[in-house]
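Enquirer: Take this structure first; my questions come after.
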Amino acid sequence: MNAPHGLSADADTLNLMKFGIGQPVPRQEDPTLLKGQGRYTDDMNLPNQAYAVIVRSQVAHGVLKGIDTAEAKAMPGVLGVWTGADLNAAGYGPLKTLIPVPNRDGSPMKTPVRHSLATDKVRFVGDPVAFVVAETLAEAKDAAEAVMLDIDALPAVTDAREAAQPGAPIVFDDAPGNICVDYHYGDTAQVAEAFAKAAHVTRLRLVSNRIVVCAMEPRSAIGEYDAATDRYTLRAGNQGAFGLKHQMADLLKIKPNQMRVLTGNVGGSFGMKGSPYPEYAGLFHAAKILGRPVKWTDERSGSFLSDQHGRDHDFDGELALDKDGKFLAVRLTGFANVGGYLANVGPLMGSMGVTRNLAAIYRTPLIEVATKVAFTHTSPIGAYRGAGRPEANYFMERLIDTAAREMGIDSVEMRRRNHIRPEEMPYKTASGTTYDSGEFTTLLDKALKFADVAGFVARKAESKARGRLRGMGIGDYLEVTAPPMKEMGGIRFEPNGDVTIITGTLDYGQGHWSAFAQVLTEKLGIPFHRIKLIQGDSDLLIAGGGTGGSKSIMASGAAIVEASDKVIDKGKQIAGVALEASAADIEFRLGRFTIVGTDRGIGIMDLAERLRGGMKLPEGVPATLDVSHVHEAAPSAFPNGAHVAEVEIDPDTGWVEVVKYTMVNDFGTVINPLLVEGQSHGGVVQGIGQALFEHVVYSEEGQPLTGSFTDYALPRASDTPSFRLDYHLVPAKTNVLGAKGCGEAGCAGSLPSVMNAIVDALGGKHINMPATPERVWEALNS
């Protein structure tokens, strides 16, 4: 093993070689989690806590005429039953959306008020209307069943396209036609001109089906109120304690310093746990009245109803091309479902999210997106792994494959002709984003070779000999990561000799501890196993954008790098005293401060030990190496890649099996390839799930027909092949690490590659997701 930069293989160098940036370090969290020693929210129990159960509407749409709580209140162990009237009287605020998407005329979108508990109407099955608190969970459940709801049922609408039609049942009186936002982007006249002069126009109806998030850990929360300090503490799984603290303070109408959010392990979120939920206000209301903590944990059946769902977009897509297959314009016209209420980012995905990502890696001169974002009588829609990015790539890639087939041009060649070239960087897209880097054609060619596309004909023949139809599809994607946000980078040297990173992002399965520790090891040479991570205590944070949008390593990584520079600056002054030299003559390298031109020096850990021992320092010299820093912004980056999927279809049953899957990605600088591989696998599997199995179905009355795992199909290990993964890395120029993010890219590549493979196996016949056996069989036999 060679030492980097020509250094000797001493302990500091070996630490860097094994645990620095680019090394496949196993997740530090895993030994604890795999032994069942994690602390998820439901594992937490406080002294004297009570238990809450939510009473939910079993009607999708109706007038809430009355709630009879008398019997429930009289039942054994019941401490209280509260309704929306009680919470409104207490003065709590409404739940808010954070993304103000404007209408096409510039006017603001419709934002109907949502209180934590319904008072006038119910608007989806699962809408919370009351909550019961009792001494035990069993007593709370019994009492909740005794709460009687008087609901005058009304007609419901569950499909966004139907909700926007005249005469559809109205969700909110102050949102005429059920339209939340009439969104538009692009120059209509220019786009129309491009389509008019096009040699060929491809048109497809493209649906991104509604998804239940199905996180490993159902939502759970404990609300606690301390009357002595007038402070509230929320223990709940989430995506960022700092942001949730401020949103909860706004909901409860208190000052931010009165709210503390504590988070332990989080078993998945994918966007769903990124915001306050109605249950939280009720927990605090009861905790304050009762003077004791109140705990609530959802059951899986409740999660299917009450968690924010994902996707649910329905577009008519059009691609205009010249005679050589060059793109002239792309146009999407359609509908996005936001459900019965606005989630915190509900309007984003089908509007600005799709728009920003539609150009992908192609020179597309003109883009037009027109979306009617509509309310329906369904569970609210929130962010779900990619939040508009996988959808946009799916729409574009399906249009490209179809156009190539219609024009008789090889689909790979069509992609190559339209790729943005490296020499064109930085490249400003028609959606207004500016790409800083990328080698898209080289990456695609590498993926095709890695996938052995040349051998596909033989594999197809072999499948045919077994009575199977084989197809191959490409997903050539690019996604725009989340926009800039402030992020904390705290570094604290502990009394026991450990070093703690404090960050405002939050790990809900990604493995931040290892990746962030690798950055700190690389920068300061601190022994990897002495590094700890604090991320889930809002009292210790001074900023934090949370985790989402594949931005964590860019935001927290940059914050750690900048904080490390501050540690080095302070360390040089302190080391100057220790070494009896001027701070200007001190240099830092591989965890060691030395006098320039000599071998006299002191390691950073030894210097920290000297400080803990009471080292005497002259006035003006820092007394600690600790740093509390805020990184101002991590600009968006552009992860991209090419995924190649091969499927087999049983023509007798319509069953689809993904039999071969290859991906080559450009994630810029990869901090930990082992973590990136895991994130890539997870994203691909979620994409396969949406493409083949997952689909929320409602009856005409708004009743969910896929309300449990009996009816809602998740992909299993047997539904996925062994993945082959490689990289073509082009470091980003927009952040100090050169990273591009990876957490959601798997979905962006797998949706189009799997569906293009299915259509290829069907001989070019278009079907929408999910490609269930029934749909595939119908396509084969229609």
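Enquirer: Of the residues 723, 638, 709, which single one is touching a Leu at 6+ places or on another chain (Cβ under 8 Å) and of a type outside the set (Val, Ile, Thr)?
Expert: Working: 723 fails: touching a Leu at 6+ places or on another chain (Cβ under 8 Å); 709 fails: touching a Leu at 6+ places or on another chain (Cβ under 8 Å).
One residue alone meets the criteria, 638.
Enquirer: Between a first residue in segment 369-387 that is over 18 Å from residue 277 (Cα atoms) and a second residue that is part of a strand (DSSP E or B) and among the polar types (S, T, N, Q), which pairs have beta carbons less than 6 Å apart while being 6 or more apart in sequence or on different chains?
Expert: 370/333; 376/337
Enquirer: Can you give me the number of residues within segment 308-344 that are surrounded by fewer than 24 Cβ atoms within 10 Å (Cβ to Cβ) and either assigned to a loop (DSSP other than H, G, I, E, B) or modelled with pLDDT under 95 (or both)?
Expert: Within segment 308-344, residues that are surrounded by fewer than 24 Cβ atoms within 10 Å (Cβ to Cβ) and either assigned to a loop (DSSP other than H, G, I, E, B) or modelled with pLDDT under 95 (or both) number 6.
Enquirer: Restricting attention to segment 159-172, which residues are of a type outside the set (S, T, N, Q), assigned to a loop (DSSP other than H, G, I, E, B) and either free of Cβ contacts under 8 Å to residues at least 12 places away in the same chain or within 14 Å of residue 123 (Cβ to Cβ) (or both)?
Expert: Applying the first criterion (of a type outside the set (S, T, N, Q)) to segment 159-172 yields 159-164, 166-172.
If we keep only those that are assigned to a loop (DSSP other than H, G, I, E, B) too, we end up with 159, 164, 166-172.
Of everything in segment 159-172, those that are of a type outside the set (S, T, N, Q), assigned to a loop (DSSP other than H, G, I, E, B) and either free of Cβ contacts under 8 Å to residues at least 12 places away in the same chain or within 14 Å of residue 123 (Cβ to Cβ) (or both) turn out to be 166, 167, 168, 169, 170, 171, 172.
Enquirer: If I filter segment 675-703 down to residues being of a type in the set (Val, Ile, Thr) and part of a helix (DSSP H, G or I), which single residue comes out as farthest from the chain's Cα centre (by Cα)? Quick ask: steps written out before the conclusion?
Expert: So in segment 675-703, the residues of a type in the set (Val, Ile, Thr) come out as 676, 684-685, 688, 696-697.
Right, trim to part of a helix (DSSP H, G or I) and you get 676, 684-685, 688.
On the way: 676: 15, 684: 14, 685: 15, 688: 17 Å.
So, considering only residues that are of a type in the set (Val, Ile, Thr) and part of a helix (DSSP H, G or I), the one farthest from the chain's Cα centre (by Cα) is 688.
Enquirer: Do you know which of the residues in segment 659-674 that are part of a strand (DSSP E or B) and open to solvent by 30 Å² or more (accessible area, probe 1.4 Å) is farthest from residue 557 (Cα to Cα)?
Expert: From segment 659-674, those part of a strand (DSSP E or B) are 659-666, 668; that's our starting set.
Then drop every residue that is not open to solvent by 30 Å² or more (accessible area, probe 1.4 Å), which leaves 659-660.
Numbers: 659: 37, 660: 34 Å.
Looking at residues that are part of a strand (DSSP E or B) and open to solvent by 30 Å² or more (accessible area, probe 1.4 Å), I get 659.
Enquirer: In segment 516-535, what residues are out of contact with any Gly (no Cβ under 6 Å at 6 or more places or on another chain) and open to solvent by 10 Å² or more (accessible area, probe 1.4 Å)?
Expert: Correct list: 523, 527, 529, 530, 532, 533, 534, 535.
Enquirer: Within the group 714, 729, 780, 725, which residue is open to solvent by 30 Å² or more (accessible area, probe 1.4 Å), out of contact with any helix residue (DSSP H, G or I) (no Cβ under 9 Å at 6 or more places or on another chain), of a type in the set (A, V, I, L, M, F, W, C) and outside any helix (DSSP H, G or I)? Give the steps one after another, and end with the answer.
Expert: On the way: 714 fails: out of contact with any helix residue (DSSP H, G or I) (no Cβ under 9 Å at 6 or more places or on another chain); 780 fails: outside any helix (DSSP H, G or I); 725 fails: out of contact with any helix residue (DSSP H, G or I) (no Cβ under 9 Å at 6 or more places or on another chain).
On inspection, the qualifying residue turns out to be 729.
Enquirer: Working only within segment 435-473, note down all residues that are open to solvent by less than 10 Å² (accessible area, probe 1.4 Å), within 25 Å of residue 729 (Cα to Cα) and either part of a strand (DSSP E or B) or in contact with a Ser or Thr (Cβ under 8 Å, 6 or more places away or on another chain) (or both). Walk me through it before giving the result.
Expert: Of all residues in segment 435-473, those open to solvent by less than 10 Å² (accessible area, probe 1.4 Å) come to 435, 437-438, 440, 443-444, 447, 451, 463, 471, 473.
Subset that is within 25 Å of residue 729 (Cα to Cα): 435, 437-438, 440, 443-444, 447, 451, 473.
435, 447, 451, 473 - these are the residues of segment 435-473 that are open to solvent by less than 10 Å² (accessible area, probe 1.4 Å), within 25 Å of residue 729 (Cα to Cα) and either part of a strand (DSSP E or B) or in contact with a Ser or Thr (Cβ under 8 Å, 6 or more places away or on another chain) (or both).
Enquirer: Among residues belonging to segment 561-616 that are in a loop (DSSP other than H, G, I, E, B) and β-branched (Val, Ile, Thr), point out the one that is least open to solvent (accessible area, probe 1.4 Å).
Expert: Checked segment 561-616; the qualifying residue least open to solvent (accessible area, probe 1.4 Å) is 598.
Enquirer: What is the number of the single condition among (1) open to solvent by 30 Å² or more (accessible area, probe 1.4 Å); (2) touching a strand residue (DSSP E or B) at 6+ places or on another chain (Cβ under 7 Å); (3) more than 30 Å from residue 306 (Cβ to Cβ); (4) not basic (Lys, Arg) that residue 652 does not meet?
Expert: All conditions pass for residue 652, except number (2).
Conditions (1) under 28 Å from the mean Cα position of the chain (by Cα); (2) closer than 30 Å to residue 71 by Cβ; (3) surrounded by fewer than 20 Cβ atoms within 10 Å (Cβ to Cβ); (4) hydroxyl-bearing (Ser, Thr, Tyr), marked per residue:
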{"site": "152", "(1), (2), (3), (4)": "no, yes, yes, no"}
{"site": "158", "(1), (2), (3), (4)": "yes, no, no, yes"}
{"site": "170", "(1), (2), (3), (4)": "no, no, yes, no"}
{"site": "175", "(1), (2), (3), (4)": "no, no, yes, no"}
{"site": "180", "(1), (2), (3), (4)": "yes, no, no, no"}
{"site": "184", "(1), (2), (3), (4)": "yes, no, yes, no"}
{"site": "191", "(1), (2), (3), (4)": "no, no, no, no"}
{"site": "194", "(1), (2), (3), (4)": "no, no, no, no"}
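Enquirer: Output the residues belonging to segment 441-470 that are of a type in the set (A, V, I, L, M, F, W, C) and either out of contact with any strand residue (DSSP E or B) (no Cβ under 8 Å at 6 or more places or on another chain) or at pLDDT below 95 (or both). Break it down stepwise before answering.
Expert: To start, the set of residues in segment 441-470 that are of a type in the set (A, V, I, L, M, F, W, C) comprises 443-444, 447-448, 450-451, 453-454, 456-458, 461, 465, 469.
Across segment 441-470, the qualifying residues are 454, 457, 458, 461, 465.
Enquirer: Can you tell which of 110, 65 is modelled with pLDDT of 95 or more, assigned to a strand (DSSP E or B) and open to solvent by 60 Å² or more (accessible area, probe 1.4 Å)? Walk me through it before giving the result.
Expert: On the way: 110 fails: assigned to a strand (DSSP E or B).
Sole residue among the options that is modelled with pLDDT of 95 or more, assigned to a strand (DSSP E or B) and open to solvent by 60 Å² or more (accessible area, probe 1.4 Å): 65.
Enquirer: Spot the failing condition for residue 745; the list is (1) surrounded by fewer than 24 Cβ atoms within 10 Å (Cβ to Cβ); (2) out of contact with any Phe, Trp or Tyr (no Cβ under 6 Å at 6 or more places or on another chain); (3) over 26 Å from residue 460 (Cα atoms), and only one is missed.
Expert: The one condition residue 745 does not meet is (1).
Enquirer: Against the definition (at pLDDT below 95 and open to solvent by less than 50 Å² (accessible area, probe 1.4 Å)), how does residue 734 come out, yes or no?
Expert: Working: at pLDDT below 95: yes; open to solvent by less than 50 Å² (accessible area, probe 1.4 Å): yes.
So residue 734 fits the description; yes.
Enquirer: Can you spot a residue in segment 258-269 that is at pLDDT 95 or above and under 23 Å from residue 118 (Cβ atoms)?
Expert: no
Enquirer: Quick one: which of 73, 121 is open to solvent by 30 Å² or more (accessible area, probe 1.4 Å), closer than 29 Å to residue 705 by Cβ, basic (Lys, Arg) and modelled with pLDDT of 95 or more? Give the derivation first.
Expert: Working: 73 fails: closer than 29 Å to residue 705 by Cβ.
Selected residue: 121, the only one of 73, 121 that is open to solvent by 30 Å² or more (accessible area, probe 1.4 Å), closer than 29 Å to residue 705 by Cβ, basic (Lys, Arg) and modelled with pLDDT of 95 or more.
Enquirer: While we're on this one: What residue, among those in segment 93-107 that are touching a strand residue (DSSP E or B) at 6+ places or on another chain (Cβ under 6 Å) and part of a loop (DSSP other than H, G, I, E, B), is least open to solvent (accessible area, probe 1.4 Å)?
Expert: Checked segment 93-107; the qualifying residue least open to solvent (accessible area, probe 1.4 Å) is 101.
Yes or no, residue by residue, for (1) out of contact with any strand residue (DSSP E or B) (no Cβ under 6 Å at 6 or more places or on another chain); (2) open to solvent by 30 Å² or more (accessible area, probe 1.4 Å); (3) touching a residue at least 60 places away in the same chain (Cβ under 8 Å); (4) outside any helix (DSSP H, G or I):
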| site | (1), (2), (3), (4) |
| --- | --- |
| 249 | no, no, no, no |
| 279 | no, no, yes, no |
| 283 | no, no, yes, no |
| 289 | yes, yes, yes, no |
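Enquirer: While we're on this one: Restricting to segment 366-421, and then to whatever is open to solvent by less than 10 Å² (accessible area, probe 1.4 Å) and acidic (Asp, Glu), can you tell me which residue is nearest to the chain's Cα centre (by Cα)?
Expert: Step by step, filter segment 366-421, then rank; the result is 391.
The values are calculated or read from the model by the stated rules, or taken from the named source; none is laboratory data. Only a predicted model underlies this, so the values are computations on that prediction, with no experimental measurement involved. Quick reminder, even Gly has a Cβ in these numbers, built from the backbone with ideal geometry, and neighbours come from all protein chains shown. In case anyone asks, the SASA skips ligands and DNA or RNA and just uses the protein heavy atoms, side chains included. Shrake-Rupley method; radii C 1.70, N 1.55, O 1.52, S 1.80 Å.
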